[in-house]
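Asker: Attaching a single structure in structure tokens format; questions to follow.
The values are calculated or read from the model by the stated rules, or taken from the named source; none is laboratory data. Being a predicted model, the structure only gives us computed values, none of them experimental. Virtual Cβ from ideal backbone geometry, glycine too; neighbours counted across all protein chains shown.
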Amino acid sequence: MRAAVLALCLVWPLGARATELDARLESNLLPPGSVAVCRVRGLAPQGLVLAGLHQEAGFYFSPADQCLVALLAVPLDTRPGPRSLTLAWPGHSQALALNVGPDPYPRRRIRVEGLQRRLEHAETRGEAGLMKEAFDSDLDSPPLWHGRMAWPITFTPTVTSPYGAARVYNRGEAGWRHQGVDLRAPDGSTILAAADGVVLLARHHLALSGNTVLLDHGYGLVSAYFHLSRLAVSPGQKVAKGQVLGLSGHSGLSAGPHLHFELRLRGYSVSPTPWMQGQAADPPAAYPN
Ligand SMILES: [Zn+2]
């Protein structure tokens, strides 16, 4: 699959031997949970990749910007401070400086009945492995999304628990970071695809996420929809932005009806909100085949 993305670097085959590319990050100061966007203008060599933050990504051509673009997640557990990303191509490399800003997310104590039992149930059934395998399954295919994403509900979103919140359950015996946003959604609300994609997983009765849909948007970007009451799609099915995926509910580990919505880039969760505002990654308006 890597070849599919890297082949696009042939759009501008390297004529002369370039030693310095016209490359820049959209922003040099990014908080954990955001997306590093690198644009390369002018001639670009074959085999160009962007590496750093425990990831490596190929470039795709963005017709809207007339340049090559690569995206990396800034993982939620990244400590603040200077980092270096590397543009690499055969025989060369070029450093790009990045500063990771402080963690802006709140800490919350919430009580969830039956947490321990559900965690053990999920572990027994290998659900963490199932999700990880899905999130990491298609890192190098071309992007399928077009333009900004849409919140996956039919009414104005109300965030009941924000992305990145450090959660302490019950008396603090178990805690982790919230990897998505919780949106208010009464039982039976219609849940929609946030962007064009392919159904990666549609499963009932997972111990933590309940009835679950994952969509593959290409280029290692996956959206996740948890705690549904009904599923309306099947694995492998192509879906368009706004298409019905199912109905909301409170299946799995959930204190009440809501939608947990999550975006993963190259396996790392990122804050969904900037993607809804069209800021996170300036997704391609079109994609040349
Ligand atoms: Zn949640």
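Asker: Filter the strands (runs of 3 or more DSSP E) completely within region 22-81 down to those with at least 1 residues that are hydroxyl-bearing (Ser, Thr, Tyr) and over 18 Å from the mean Cα position of the chain (by Cα).
Answerer: 60-62
Asker: Also, I was wondering about something else. Contact list please: Cβ distance under 8 Å, first residue in region 180-198 and free of Cβ contacts under 8 Å to residues at least 40 places away in the same chain, second residue in a strand (DSSP E or B), pairs at least six apart or on different chains.
Answerer: none
Asker: Can you tell me how many residues within region 79-94 are more than 16 Å from Ala57 (Cβ to Cβ) and surrounded by 11 or more Cβ atoms within 10 Å (Cβ to Cβ)?
Answerer: 2
Asker: Checking Thr190 against (1) at pLDDT 90 or above; (2) within 30 Å of Val69 (Cα to Cα): exactly one of these is not met. Which one?
Answerer: Of the numbered conditions (1) at pLDDT 90 or above; (2) within 30 Å of Val69 (Cα to Cα), the odd one out for Thr190 is (2).
Asker: Taking region 44-57 as the region of interest, how many residues are surrounded by 14 or more Cβ atoms within 10 Å (Cβ to Cβ) and either modelled with pLDDT under 95 or among the acidic types (Asp, Glu) (or both)?
Answerer: Result for region 44-57: 4.
Asker: Still on this structure, I have one more. Being buried (at least 24 other Cβ atoms within 10 Å of the Cβ), at pLDDT 95 or above and more than 21 Å from Val74 (Cβ to Cβ) narrows it down to one residue among His204, His227; which is it?
Answerer: Matching residue, one of His204, His227: His227.
Asker: Failed condition for Arg148, given (1) in contact (Cβ under 8 Å) with a residue 24 or more places away in the chain; (2) in the same structural domain as Ser27 (by TED's automatic domain parsing), with all others met?
Answerer: (2)
Asker: Further, regarding this structure: Can you tell me which residues in region 184-201 are surrounded by fewer than 19 Cβ atoms within 10 Å (Cβ to Cβ) and under 21 Å from Leu130 (Cβ atoms)?
Answerer: If the condition is that a residue be surrounded by fewer than 19 Cβ atoms within 10 Å (Cβ to Cβ) and under 21 Å from Leu130 (Cβ atoms), then Val198 is the only one that fits.
Asker: When region 22-36 is examined, which residues are found to be surrounded by fewer than 20 Cβ atoms within 10 Å (Cβ to Cβ) and more than 15 Å from Tyr268 (Cβ to Cβ)?
Answerer: The answer is Asp22, Arg24, Leu25, Glu26, Ser27, Asn28, Leu29.
Asker: Ok, one more. Return the only residue of Val181, Val222 being surrounded by 15 or more Cβ atoms within 10 Å (Cβ to Cβ) and closer than 21 Å to Pro257 by Cα.
Answerer: When all the criteria are applied, what remains is Val181.
Asker: Another one. Just give me the residues in region 233-278 being in contact with a helix residue (DSSP H, G or I) (Cβ under 8 Å, 6 or more places away or on another chain), under 17 Å from Pro143 (Cβ atoms) and within 14 Å of the ligand (Cβ to nearest atom), in sequence order.
Answerer: Residues satisfying the conditions are Leu263, Arg264.
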